[in-house]
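Enquirer: Submitted below is the structure of interest, expressed as structure tokens.
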Amino acid sequence: MNFILTEEQQMLADTVARFVQTEYDFEARRRRLAAAAGAAPGYDEGLLGQLAELGLFALNVPEAWGGIGAGPVETMIVMEGLGRGLVVEPFLASGVIAPRLIATHGSPAQKDRFLPGIATGELRFAVAALEPQSRFDLDEIATTARRAEGHWIVDGAKSVVMNGDSAHWFIVTAQSEAGPLLLLIDAQADGVTAAGFPTLDGRRAAELRFAGVRVADDCMLGAPGQGLALADWAIDQGLAGLAAEAVGAMGRLTELTCEYIATRKQFGQAIGSFQALQHRAADMRINVEQARALALMAAARVDSADAADRRRAASAAKAMAGRAGRYVGQQATQLHGGMGMTDEMACGHYFKRLTAIDMTWGDSEHHVERYGELL
């Protein structure tokens, strides 16, 4: 495999890096989060608009619908860049999962209806696939969909839906007599309620309730019975994106830690000159590179026609991102000393985000188990 970025890919990486450098200075980010105090929507609409203007939401939209028509490698580049800046504006569901899902498995009418709005950043999606009783198991679906008067009537609940209180559409799994369904549900539809709450990493999530929500057939992705397979495919796109974001966050956290120990002095010399601390910094870099290698593998295989191969790659990348993120976060906090625990230092913010990534759509233990089942 050629790991050298093409000229276009390098330009994309540079574009994201400039956005982060210009708009996501750590102190500016911290002040914005403090001013928002965890209230909805939990991000800056102006910065979200800038991401759209840069063409990032068009990245995974085919050219026929106003997009760029890029692929998983370009997605990885963007997610890694956003991870380095701890960008809180919601991108993964609306910029990666929804356009890739609709472009690959949606009907022509669904593509015409949703993809242009995704490309311009006007439509925002949230993935509602997990339930209070299911933990990380997608196939534990208690939400029901029954036929009545030519519609699907949906009842149930979904848990920890990231940015669920600011999304325009939900990607929802439901169980019917014909088998699992994957539905697109309007957030403003009658019977939909979203109770938002702040998360530990400065973002927001929501608990969703569906009470007699009417969903038309043209908002169903695929056919009845295919919902679980499509949801699994969609989540794997998200797992690959999260693994790349974790690599970016770990990489930047490692850089900050190395800079700190190179300047922090004790006994008249920089603590970075102590061999024991050099070994720990080296181990941090090793963990970052291991996570990057598996994130690359996930990006290479996320479109594989072999579902087992795709799922193994996604789970391997997510498991390594979780384990490496925990190790890098712990080492960074310890090497920063007591300062690493303060809100004024970036260290703790990165560690919180890495912890949240680990718990999104299955922690490292869950994905190790999933990987084993797929062997």
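Enquirer: With contacts defined as alpha carbon pairs under 8 Å and 6 or more residues apart, what's the relative contact order of the chain in percent?
Expert: 15
Enquirer: Now for a different question. What order do you get for 79-89, 329-339, 241-251, 152-162 when each peptide is scored by the mean count of other beta carbon atoms within 10 Å, highest first?
Expert: 241-251, 79-89, 152-162, 329-339
Enquirer: Please order 357, 4, 141 by the number of other Cβ within 10 Å, starting at the fewest.
Expert: Listing 357, 4, 141 from fewest to most nearby Cβ atoms yields 4, 357, 141.
Enquirer: Sticking with this structure for a sec: Calculate I(q)/I(0) for the range 228-374 by the Debye formula, one identical point scatterer on each C-alpha and no solvent, and give its log10 at q = 0.08, 0.12, 0.16, 0.20 Å⁻¹ to two decimals.
Expert: -0.25, -0.51, -0.79, -1.07
Enquirer: Relative contact order for the range 228-374: what is it in percent, counting Cα pairs under 8 Å that are at least 6 residues apart?
Expert: For the range 228-374, the relative contact order is 29 percent.
Enquirer: What relative contact order, as a whole-number percentage, does the range 7-123 give when Cα pairs under 8 Å and 6 or more residues apart are counted?
Expert: Rounded, it is 33 percent for the range 7-123.
Enquirer: Let me ask you something else. Straight distance only, please: which aspartates and glutamates reach the Cα of residue 318 with their own Cα at less than 13 Å, same-chain residues fewer than 8 apart left out?
Expert: Once the sequence-local aspartates and glutamates are set aside, what remains near residue 318 is 236, 245, 358, 363, 365, 369.
Enquirer: To the nearest 20 debye, what is the magnitude of the charge dipole of the range 7-123 about its Cα centre, counting +1 on the Cβ of each Lys and Arg and -1 on the Cβ of each Asp and Glu?
Expert: It comes to approximately 380 debye.
Enquirer: Of the listed peptides 175-182, 189-196, what is their order by residue-averaged count of other C-beta atoms within 10 Å, with the highest listed first?
Expert: Going from most to least packed, we get 175-182, 189-196.
Enquirer: Which of rounded, prolate or oblate describes the range 7-123 when judged by the alpha-carbon gyration tensor and an a/c cut-off of 1.5?
Expert: oblate
Enquirer: Hey, got the dipole for the range 126-225? About the Cα centre, +1 on K and R Cβ, -1 on D and E Cβ, debye to the nearest 20?
Expert: The calculated dipole for the range 126-225 is roughly 180 debye.
Enquirer: Between 286, 276, 257, whose Cα lies farthest towards the positive end of the dipole of the range 240-296 when Lys and Arg beta carbons carry +1 and Asp and Glu beta carbons carry -1, centred on the Cα centre?
Expert: Most positive-ward Cα: 276.
Enquirer: Sorted from fewest to most neighbouring beta carbons within 10 Å, what does the list 363, 112 look like?
Expert: Going from least to most buried by this count: 112, 363.
Since every read-out is calculated from the coordinates, none of them should be taken as a lab result. A quick note: this is a predicted structure, and the numbers were derived from the prediction, not measured. For neighbour counting, all protein chains shown are included, and Cβ atoms are generated from backbone atoms with ideal geometry for every residue, glycine included.
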